[in-house]
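Heads up: the structure comes next, in structure tokens.
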Amino acid sequence: MCLGIPGKIAEIYEKDSLKMAKVDFGGIAKEACLAYTPEAEVGQYALIHVGFAISLMDEEEAQETLKLIQEMVDLEDEIPR
Amino acid sequence: MDDLDFEGYTCPVPIRRTDTVILGHGSGGTLSRDLLNRLFLPELGKAAPRALDDSAVVTIDGQRYALTTDSHVVSPLFFPGGDIGRLAICGTVNDLAMVGAQPVALTCGFVLEEGLSFDLLQHVVASMKAAAQEAGIFIAAGDTKVVQKGGADQLFINTSGMGKIPEGVNISGANAKEGDVIIVSGTIGDHGIAVLSAREGLGFETTLESDVAPLNHLIQAMIEAGEIHVLRDPTRGGLATSLVEISEQSNVTIELNEQSLPFKPAVKAACEMLGFDPLYVANEGKLVAFVKESDAHKVLDVMKKAKYGEDAAVVGRVIGTGKSQVRLKTAIGGTRLVDMLPGEMLPRIC
Amino acid sequence: MKYLDEYRDPIKVKTLLREIESAVTKNWVIMEICGGQTHAFLHNGLDAMLPPQIELVHGPGCPVCVTPLEQIDRALAIASHPDVIFTSYGDMLRVPGSSKDLFAVRAQGGDVRIVYSPLEAVQIAEANPDKQVVFFAIGFETTAPANAMAVLQAKNKNIKNFSVLVSHVRVPPAMEAILGSKTNRVQGFLAAGHVCAVMGFHEYPPIAEKYRVPIVVTGFEPIDLLNGLLAAVKQLESGQAVAENQYQRAVKFEGNESAQRTIRSVFQSTDRKWRGIGVIPQSGWGLSPEFQEFDAERRFDVENIFTQESSLCIAGEILQGLKKPPQCPAFGKQCTQQSPLGAPMVSAEGACAAYYRYHREAIYG
């Protein structure tokens, strides 16, 4: 139920009284509705599902997740096998 | 809560076969094959393994000729990087070249919808002329029909082509051998996504262009550089479909390496967004080649120096015979099977 | 692509797999709810890389699969009207109803169009004032805000020729139905990350507590899936049973509150029939009284459609994780991707389709 992909908000404008954005997915750009992420700013990444931003990506949390796993990887390297 | 009854599930009456043509019959997947096998081949042709090659081979007085036909119904007529005219010429030139033939001449049949603008038609024809010149072929014959408004989607083009196969060249989907190295001539999925970007609704902004191009000169250089067993242009149904067909024609097991498949970022992004698998997206200026293992290096080198082969890459090999299967080693180290799609690929929300 | 590629790193994947391997000491049955997660496991070959003690079962998280037969038949009836432009998400077009699918309706002359966003359907209505435009509003909670906005727009712009055929379903009632069943085998859940991006995960702690089952909010990339699985395994091994979040970059506990407000205004809770399972009370959403005028079921008088079912497809057992697709007697024989018996084979996300496409040989050799 969940094909949502992250895209970068490149432009924000209004259309039909809705807050809309041009979202850049890295090579393609498509319009998405920001009605549910009104606080979104240009440059932020949003999770887009069927043309709507349903959540804003949290960069800190993203880094944290990757860092934790990297620590696991590093720990493995240290343990002699 | 009351215990729900999970016994006795029910399902709808199965939709086994349609009795009418649906769009899926044109997508190059199993539905298309079904149509071919049920309706056409029994009446009009023999289902020899070669019947699935891009061109037929006919021998007249000891000389082999390649013969092929194709109809072009792409919409929109003009898309980023090309148009139906260029598509028509290149498509048929490539089909001939894929069996190792040197394309000689094409015929063109036009079905024009009443009301089509002359200006548009002129653009298409000019594009065909340019493509023909680039490929080094001539248009030998043509035909024009006009249908009433609604009888065609602006313009349909049919092209037939003829070419000569030199002595010693034996290229067919049935010729794959164990150990063959599989090479693609460049990035995959460009055409299908470029055309999609121009569609109403599903469209999106991109600088991606169709890769439509004539590949006969590239193939010539490849044949001179090494022993080529199979050539295929992965049009409808994409690379995956071509590989499955070849694995069946030759009865071989193919292993593909996901990490080495070349994609443009725009193609990846569009496929992520729509839920498409880029392996099934059409290409119009790419080929996949099965090359004798010892010649692979040389052939790859020659490709990279040739026009339309700059981004050539090794993407897999034939790892066994006796069983037809295409397996993909995924980027994270897993394995999955690659099969044909039943019909059209549909954008998903799930 | 940022926020995707980093979560596909093969080195981190291998490390996480080893962590899971060293954490398991017993057999565990874990269900992933979302069709997108099923697809991701199988598409990457990840399910076959898991330690043998983990049995991954696939839940009813594919909205295409669980849309009840009646709704499909209603859609087909409406789409067959000469004055109707029927709009839908792409993956619904091949789902078989009692006797055909939307593709067949299109082949017979129906105006059936695929849209990417529900707002396009509203635009089509504005551009075609002499036609009735109907939008097939299916989905889980993830899609509800988008579908709701289409209805809101239609109301705000006073568009009279637009209506929606609603078939929304919710995850928590389905989880409870599965957990509450006598035949339940599921011991832990990977909750659907994008459903939670909208709804948050505040509905899960009571479920985790009541049934003593860990529920881990999980994303869709290989690293996310393994992170979720590892957390679930750790809880199971230590006897914990709480709701936790392993998709922190996209999901917050409270979810997206503005989306939830719009959902509450446009929709109301209803009983919903889940294909192959039956009616789960209060498991879906229908239009709220204020928006009833946009209900296509009423506008087109299709409330009394009767459906005819056959018994070969075991979609229900598959959707609850009681059986795997290869255990279905029809799998790969009467039921294939070309001639599907039920929705799990049709939908690209359905468990059966995923198995059929990616693993058939492993089963049949």
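The values are calculated or read from the model by the stated rules, or taken from the named source; none is laboratory data. Everything quoted here is computed from the prediction, not taken from an experiment. Please note: Cβ atoms are built from the backbone with ideal geometry, for glycine as well, and neighbour counts cover all protein chains shown. Quick note on the areas: whole protein, heavy atoms, side chains included, nothing else; ligands and nucleic acids left out. Shrake-Rupley method; radii C 1.70, N 1.55, O 1.52, S 1.80 Å.
The table below lists the values:
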{"read-out": "Charge tally in the Cβ shell below 12 Å around B:Cys271, where Lys, Arg are +1 and Asp, Glu are -1, B:Cys271 excluded", "value": "0"}
{"read-out": "Average accessible area per residue (Å²) across segment C:1-100 - probe 1.4 Å, nucleic acids and ligands excluded", "value": "27"}
{"read-out": "Amide proton proximity set for C:Trp274, modelled H, under 5 Å, gap of 5+", "value": "C:Val279, C:Ile280"}
{"read-out": "Å² per residue, accessible surface of segment B:181-337 at 1.4 Å", "value": "33"}
{"read-out": "Label-point separation, C:Glu209 to B:Leu120 (7 Å along Cα→Cβ), nm", "value": "6.6"}
{"read-out": "DSSP beta bridge pairing in chain B, given as percent antiparallel to the nearest 5", "value": "75"}
{"read-out": "With every protein chain in place, segment B:181-337: carbon and sulfur % of accessible area (1.4 Å)", "value": "46"}
{"read-out": "Reachable lysines, given that their alpha-carbon falls under 19 Å from the alpha-carbon of C:Lys182 and they are not under 8 places away in the same chain", "value": "C:Lys210, C:Lys323, C:Lys324"}
{"read-out": "Accessible area that becomes buried as C packs against B, both chains, 1.4 Å probe, Å², nearest 100", "value": "5100"}
{"read-out": "Spacing of the two label points (7 Å from each Cα toward its C-beta) at C:Glu257 and C:Glu293, in nm", "value": "3.1"}
{"read-out": "Percent antiparallel among DSSP beta bridges (both partners in the protein assembly as shown, rounded to 5)", "value": "65"}
{"read-out": "Gap separating the Cα centres of segment C:172-220 and segment B:220-235, nearest whole Å", "value": "54"}
{"read-out": "Between segment C:82-97 and segment A:10-81, the alpha-carbon center distance in angstrom", "value": "31"}
{"read-out": "Surface accessible to a 1.4 Å probe, per residue, for the residues of segment C:224-286, Å²", "value": "36"}
{"read-out": "5 angstrom amide H check on C:Phe267, placed H, neighbours 5+ away", "value": "C:Ser288"}
{"read-out": "Heavy-atom accessible area ranking, 1.4 Å probe, most first, across A:Met20, B:Met345", "value": "B:Met345, A:Met20"}
{"read-out": "Reduced Cα scattering model of the protein assembly as shown, Debye log10 I(q)/I(0), q = 0.05 Å⁻¹", "value": "-0.26"}
{"read-out": "Projected label distance in nm at B:Gln148 and B:Asn251, using a 7 Å step from Cα toward the beta-carbon", "value": "5.3"}
{"read-out": "Accessible surface of segment A:5-78 [probe 1.4 Å, protein heavy atoms]: carbon and sulfur percent", "value": "46"}
{"read-out": "Set of lysines with alpha-carbon distance to C:Lys234 below 19 Å, sequence-local pairs under 8 removed", "value": "C:Lys12, C:Lys14, C:Lys26"}
{"read-out": "Inter-chain Cβ neighbour average for residues C:135-145, partner chain, 10 Å", "value": "4"}
{"read-out": "Degrees, to the nearest 10: A:59-78 long Cα axis against longest axis of chain A", "value": "20"}
{"read-out": "Placed amide H near B:Gln102: partners under 5 Å, 5+ positions off or other chain", "value": "B:Lys164, B:Ile165"}
{"read-out": "Considering only segment B:239-344, percent of DSSP beta bridges that pair antiparallel, nearest 5", "value": "60"}
{"read-out": "Those residues of segment A:37-60 for which accessible area with every protein chain present is at least 20 Å² below the isolated value (1.4 Å probe)", "value": "A:Tyr45, A:Leu47, A:His49, A:Val50, A:Gly51, A:Phe52, A:Ile54, A:Ser55, A:Met57, A:Asp58, A:Glu59"}
{"read-out": "Over 20 Å (Cα to Cα) - which of A:Lys30/C:Lys155; A:Lys67/B:Lys329; B:Lys329/C:Lys2; B:Lys268/B:Lys292; B:Lys129/B:Lys305; B:Lys286/B:Lys307 fall in this group", "value": "A:Lys30/C:Lys155; A:Lys67/B:Lys329; B:Lys329/C:Lys2; B:Lys268/B:Lys292; B:Lys129/B:Lys305"}
{"read-out": "Calculated FRET value between C:Gln268 and C:Asp301, using beta carbons and R₀ = 35 Å, to 0.05", "value": "0.95"}
